[in-house]
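Asker: Provided herewith is a single structure, encoded as structure tokens, for subsequent inquiry.
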Amino acid sequence: MTKQKQKPTPEIVDTDNIIEIVQLTKVYKTAGSSVVALSDVDLAIKKGEIFGIIGLSGAGKSTLVRCINLLEKPTHGDVLFCGKNLMSISRKELLQARRQIGMIFQQFNLFAQRTVLRNVTYPLEIAGVKKEQAIARAKELLDMVGLKDKCNAYPSQLSGGQKQRVAIARALASDPQVLLCDEATSALDNATTNSILQLIKRINTELGVTVVIITHEMKVVESVCDRVAVIDQSRIAECGTVKDVFLNPRSDIAKQLILPKTTDATVADDDRCVRLIFDGNTFNQPIVSALAIECNALVNILFADTKTIEGKTYGQMVIQLPKDINARRKIEDYLTARQVTYKEEELPQ
């Protein structure tokens, strides 16, 4: 029998990467068929960043995040953490690696019969930490997440936001290098979502923990992420800084998530509309009002939206151009001269 040649372990090219996913595929076998959840995914996440993975339901994003710590074992491919291939290490080494990768979930996954304090001490108990040290660490973390007065409460006595704060404290108990957040704010209202995101941002800044956020909401990515990968139909459609993906989405799915269709607006067959993209430097300029004056042309605003990314305001606006060809050309020249990005937009007839 010929001995099978062992597959070489890939190496991280960029030492700034804490996680690297290489040609990862996940296939679920069912009775008489199979479902491809992920297909040939390549992804690199840098130390200390907040990295977003966004996609529609069923795109494969939750499967992807569970493959990072091998809660789901990939069918093919490799997952590297701190330069070590998790697919080729022993069970004991994998358990040690998982202690460095904390995780929080949409439904919190707290132990109903344990107090808040004992929920947070649980991973320390499993790791064999002495009781006094575990309690002290848990109290320190509960203070950090703003729940130092809830040590003796039970999960049933907490609000959704408080439960998620307990889950975050528990995930941080073993001093992880990475925090995975699987739809961690989807079950929360807007105000609570914002407070949880700001807590995650503070943990990233103060503790240097790398954060991976799985979400279907662009507002979550815009609020705290440094870079984002857009996943569609089991594949990575595009990846880049939040600003670059927002200003210039290349894939159809990114455009759908970032540049929502103005379905309430309808136009005639011969009407032409353009979508204006304002970067953080041009947003506060009166582009449209000045356009109407200088080009002596009236434009109809069909849609407008703004985002705050990296402390700057970005925006997009869909306008209906005049029917006159010369007036349209004047407007295009005006926008080009002022370096305003614009793209033709198709609206329902």
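Asker: Taking the residues in segment 326-339 that are within 15 Å of CYS273 (Cα to Cα) and open to solvent by less than 90 Å² (accessible area, probe 1.4 Å) as candidates, determine which candidate is farthest from the chain's Cα centre (by Cα).
Answerer: Ranking the qualifying residues of segment 326-339, first place goes to ALA327.
Asker: Report those strands (runs of 3 or more DSSP E) wholly inside segment 175-253 carrying at least 1 residues which are buried (at least 22 other Cβ atoms within 10 Å of the Cβ) and within 12 Å of the chain's Cα centre (by Cα).
Answerer: Numbers: elements: 178-182, 210-215, 227-232, 235-241.
Filter on segment 175-253 gives 178-182, 210-215, 227-232.
Asker: Also, quick follow-up: Identify the single condition in (1) open to solvent by 20 Å² or more (accessible area, probe 1.4 Å); (2) over 18 Å from GLY102 (Cα atoms); (3) within 18 Å of the chain's Cα centre (by Cα) that ASP149 does not satisfy, given that it satisfies every other one.
Answerer: (3)
Asker: Something else about it: Quick check on segment 78-98: of everything there that is within 22 Å of the chain's Cα centre (by Cα) and not acidic (Asp, Glu), which residue is farthest from GLU183 (Cα to Cα)?
Answerer: Residues of segment 78-98 within 22 Å of the chain's Cα centre (by Cα): 78-82, 98.
Next cut, not acidic (Asp, Glu) only: 79-82, 98.
Values: VAL79: 21, LEU80: 23, PHE81: 22, CYS82: 24, ARG98: 19 Å.
Here the answer is CYS82.
Asker: If THR308 meets every condition in (1) assigned to a strand (DSSP E or B); (2) modelled with pLDDT under 85; (3) open to solvent by less than 80 Å² (accessible area, probe 1.4 Å) apart from one, which number is that one?
Answerer: (3)
Asker: Pairs please, first residue from segment 234-259 and among the β-branched types (Val, Ile, Thr), second anywhere and surrounded by fewer than 17 Cβ atoms within 10 Å (Cβ to Cβ), Cβ atoms under 8 Å, 6+ apart in sequence or on different chains.
Answerer: ILE236/ASP42; VAL242/GLU310; ILE253/LEU56
Asker: List every residue pair whose Cβ atoms sit under 8 Å apart, with the two residues 6 or more apart in sequence or on different chains, where the first one lies in segment 201-213 and is of a type outside the set (Gly, Ala, Ser) and the second, anywhere, is open to solvent by 80 Å² or more (accessible area, probe 1.4 Å).
Answerer: THR210/LYS47
Asker: Does segment 37-61 hold any residues that are in a loop (DSSP other than H, G, I, E, B), open to solvent by 60 Å² or more (accessible area, probe 1.4 Å) and over 16 Å from GLY102 (Cβ atoms), and which are they?
Answerer: Across segment 37-61, the qualifying residues are LEU56, SER57, GLY58.
Asker: Select from segment 186-207 the residues that are in contact with a Gly (Cβ under 7 Å, 6 or more places away or on another chain) and of a type outside the set (Gly, Ala, Ser) and list them in ascending order. If you could, list the steps in order and put the result at the bottom.
Answerer: We begin by selecting, within segment 186-207, every residue in contact with a Gly (Cβ under 7 Å, 6 or more places away or on another chain); these are 187-188, 192, 195-196.
Correct list: LEU188, THR192, ILE196.
Asker: Looking at LYS130, LYS84, LYS92, which is the one that is touching a residue at least 12 places away in the same chain (Cβ under 8 Å), more than 20 Å from ASP40 (Cβ to Cβ) and not hydroxyl-bearing (Ser, Thr, Tyr)?
Answerer: LYS84
Asker: Let me ask something else. So which residues in segment 54-69 are more than 18 Å from ASN17 (Cα to Cα) and touching a residue at least 24 places away in the same chain (Cβ under 8 Å)? Steps first, please.
Answerer: Initial filter on segment 54-69 (more than 18 Å from ASN17 (Cα to Cα)): 54-63, 66.
ILE54, GLY55, LEU56, SER57, ALA59, GLY60, LYS61, SER62, THR63, ARG66 - these are the residues of segment 54-69 that are more than 18 Å from ASN17 (Cα to Cα) and touching a residue at least 24 places away in the same chain (Cβ under 8 Å).
Asker: Pick from LEU71, LEU110, LEU80: which is open to solvent by 60 Å² or more (accessible area, probe 1.4 Å) and within 27 Å of LEU197 (Cα to Cα)? Give the steps one after another, and end with the answer.
Answerer: Details: LEU110 fails: open to solvent by 60 Å² or more (accessible area, probe 1.4 Å); LEU80 fails: open to solvent by 60 Å² or more (accessible area, probe 1.4 Å).
Every option except LEU71 fails the conditions.
Asker: Would you pick out the residues in segment 168-191 that are modelled with pLDDT of 95 or more and in contact with a Phe, Trp or Tyr (Cβ under 7 Å, 6 or more places away or on another chain)?
Answerer: Residue satisfying the conditions is ARG170 alone.
Asker: Another one. Here are the criteria: (1) closer than 23 Å to THR241 by Cβ; (2) outside any helix (DSSP H, G or I). Tell me which single one LEU64 does not satisfy.
Answerer: (2)
Asker: Of everything in segment 21-36, what is open to solvent by 40 Å² or more (accessible area, probe 1.4 Å) and either in contact (Cβ under 8 Å) with a residue 40 or more places away in the chain or within 14 Å of the chain's Cα centre (by Cα) (or both)? Give them in sequence order.
Answerer: First pass over segment 21-36, keeping only residues open to solvent by 40 Å² or more (accessible area, probe 1.4 Å): 23, 28-36.
The answer is GLN23, VAL36.
Asker: Quick one: which residue in ALA167, ALA153, ALA136, ALA112 is touching a residue at least 24 places away in the same chain (Cβ under 8 Å) and not in a loop (DSSP other than H, G, I, E, B)?
Answerer: That would be ALA167, the only listed residue that is touching a residue at least 24 places away in the same chain (Cβ under 8 Å) and not in a loop (DSSP other than H, G, I, E, B).
The values are calculated or read from the model by the stated rules, or taken from the named source; none is laboratory data. In this text the structure is predicted, and so the values were computed from the model without any measurement. Neighbour counts are summed over all protein chains in view; Cβ atoms, including those assigned to glycine, are modelled from backbone coordinates with ideal geometry. Accessible surface areas use protein heavy atoms only, side chains included; no ligands, DNA or RNA. Shrake-Rupley method; radii C 1.70, N 1.55, O 1.52, S 1.80 Å.
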